[in-house]
Structures are given as structure tokens and as C-alpha cells.
Amino acid sequence: MAEVRQRAKAADPTIAPSEPPSSKPIKKSSGFGVTDILRILGGILLLNAALSYFVTSSSLTWGWRPWYSKPGVVASWLKGPVYLNDLELLAYNGRDPSKPVYVALNGTIYDVSAGRHVYGPGGSYSFFAGRDATRAFITGCFQEDLTPDIRGAELTYIPVDDDNPSKAEAKLRRERDTRFAKKRVQDTIEGWSKMFRGEGGKDYFEVGKVKRIEGWMEKLPKRELCEQAQKQRPKRKA
Ligand SMILES: *[C@@H]1O[C@H](CO)[C@@H](O)[C@H](O)[C@H]1NC(C)=O
């Protein structure tokens, strides 16, 4: 009963407040609240999207699309990774329209179905489809080098001597050049891998690995550097 009475009292408008309203510590608005910040952020985002659309003429996000907005990526993630040997991989060269198109690089398999016109039959890069042709990515020999065996491919980047160096000098150069060239091979592979992972804006994505036996590379016959790459080796500047 007492409680009810008290509440009624508090709500009674005829009862004057204990303090005049003016002396109450008014929560002074700082003139810049959370809403203002949100409003500014929203404005920036809108402007950014508009600018992106203006520049790219199609994308509101500068061409960036999160992985979850790509249906293929989600589907392959749900299915789990693909493990194929080099022979099984050939079935994904695009000739079977019911199968995705795969390209492998350095033992990793990528789905490039979004580029079926490029990697599928008749496409300008159809020779890459259904196989791991890492060596060709380095040497540029798209006929002879459709193999994952990259041994010696670094020669592509090693300058040709035309100044008859001494044996010792030649050895020194070879060691230094090989180190740089092998680094370049890795950089080249990494660059293409990025593209196949879809980092360049293409709808390609990684799906799995090529199954190979231990020490597979050493079991293959060693290759010479293909003719075209040999011809295009840089000349050493004096
Ligand atoms: C290529 O594969 C080899 C062997 O698996 C690995 O050591 C190397 O880091 C890979 N290179 C790149 C650029 O991913």
C-alpha cells in the first residue's frame, strides 16, 4: 500500500519538484555525438562507392568481392578439398561441360571455370587446363614444357656470358645468379598463384592438391631449357 501511494505521489504533477528545473545538471550535448560520426562514416562510404562506380564503371567496391559472395568458393568449401593425381586431373580440361575446369600450379589445383572461354577447348590458354604446367609458366614454352618439373627452369632468368670469364669467376657468377633466378621462379609462381586464388579479381579459387608420390620430380628424366627460353635469356651487361 505504501509503495503504491509513493508512486502515485511521484507521478502527481501538482507536486513541485524538489529543485527548480534550471538548476538541474543538464546533460549538455557536446554538439558532436555518435550519430554524427555514423552520419559522416556513411557519407564517406557512399562517396567511396560512388567514386568506385565512376572509376570502374561497374563495381561499388573497387572490384573487390568477399569470398562468401562467390558461389563456387562456398560450394567447394562445403565439399572439402579435391585430391587428384596428374592423370585424374586431365579429366578437368574443360572438354566435359558437366565438369569444372581446373588448372594446377606448383601442386595446387584451382577452379578456373569462370574462365572456361580462356582455359576450355579453343581458348587461348587451353593447354594449361587439366594439368600442372608450372614449368611453362616460367619458360613460356607452352608446347614442350607442360610439366610440373621445374628443375633447371631458373636458367630462363640467368644471363648468358659473352665475356669469357675465368672458371672461378664463372662459378661465382653461376652461384649468385642461380640464387636470384630461383627466387624469381618462386616469385613468378606466387604471382600466378595469386591470380588463380582470385586475388586479382577473377572468380577463380583454390580447390585442392595434386597427389604425387614422394620424390616424383627426381624420377622424371632431366630436361634441357627449351629453345625459346634459351634464346630469350638475358645477356650479361659488362
Ligand atoms: C612450390 O612448391 C614447393 C614444393 O611443395 C614449395 O616448397 C614452394 O614453396 C612452392 N612455391 C610457391 C611459390 O608456392
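Considering only segment 181-198, how many residues are more than 29 Å from residue 71 (Cα to Cα) and surrounded by 12 or more Cβ atoms within 10 Å (Cβ to Cβ)? Total satisfying the criteria: 6.
Would you mention how many residues in segment 108-134 are over 19 Å from residue 73 (Cα atoms) and touching a residue at least 60 places away in the same chain (Cβ under 8 Å)? So the count comes out to 1.
Scanning segment 174-192 for residues that are touching a residue at least 40 places away in the same chain (Cβ under 8 Å) and out of contact with any Ser or Thr (no Cβ under 7 Å at 6 or more places or on another chain) yields 185, 188, 192. Being within 8 Å of the ligand (Cβ to nearest atom) and out of contact with any Leu (no Cβ under 9 Å at 6 or more places or on another chain) is the filter here, so list the residues in segment 189-201 that pass it. Of everything in segment 189-201, just one residue is within 8 Å of the ligand (Cβ to nearest atom) and out of contact with any Leu (no Cβ under 9 Å at 6 or more places or on another chain), namely 190. Set side by side, the residues 168, 129, 114, 133 differ, and just one is within 16 Å of the ligand (Cβ to nearest atom) and not aromatic (Phe, Trp, Tyr), which is 133.
Scanning for something hydroxyl-bearing (Ser, Thr, Tyr), more than 16 Å from residue 208 (Cβ to Cβ) and either more than 22 Å from the chain's Cα centre (by Cα) or within 16 Å of the ligand (Cβ to nearest atom) (or both), does segment 79-93 turn up at least one residue? No, because not a single residue in segment 79-93 is hydroxyl-bearing (Ser, Thr, Tyr), more than 16 Å from residue 208 (Cβ to Cβ) and either more than 22 Å from the chain's Cα centre (by Cα) or within 16 Å of the ligand (Cβ to nearest atom) (or both). Residues that are more than 21 Å from residue 147 (Cβ to Cβ), outside any loop (DSSP other than H, G, I, E, B) and touching an Asp or Glu at 6+ places or on another chain (Cβ under 9 Å) within segment 86-126 comprise 111, 113, 114, 115, listed in sequence order. Of the candidates 14, 61, the single residue that is among the polar types (S, T, N, Q), modelled with pLDDT under 75 and outside any helix (DSSP H, G or I) is 14. The criterion of at least 2 residues that are closer than 30 Å to residue 59 by Cα is met, among helices (runs of 4 or more DSSP H) falling completely within segment 144-238, by 167-196. Scanning segment 145-172 for residues that are closer than 24 Å to residue 214 by Cα and not β-branched (Val, Ile, Thr) returns 145, 146, 148, 149, 151, 152, 153, 154. Out of all the residues in segment 22-41, is one or more part of a helix (DSSP H, G or I), farther than 30 Å from residue 102 by Cβ and modelled with pLDDT under 80? Yes, because at least one residue in segment 22-41 is part of a helix (DSSP H, G or I), farther than 30 Å from residue 102 by Cβ and modelled with pLDDT under 80.
Annotation note: of 110, 83, 102, the sole residue that is within 21 Å of residue 216 (Cβ to Cβ), aromatic (Phe, Trp, Tyr) and exposed (fewer than 14 other Cβ atoms within 10 Å of the Cβ) is 83.
The values are calculated or read from the model by the stated rules, or taken from the named source; none is laboratory data. The shown structure was predicted, so the numbers you read here are calculated from the model rather than taken from an experiment. Heads up, the Cβs are rebuilt from the backbone with ideal geometry, glycines too, and the neighbour counts pull from every protein chain shown.
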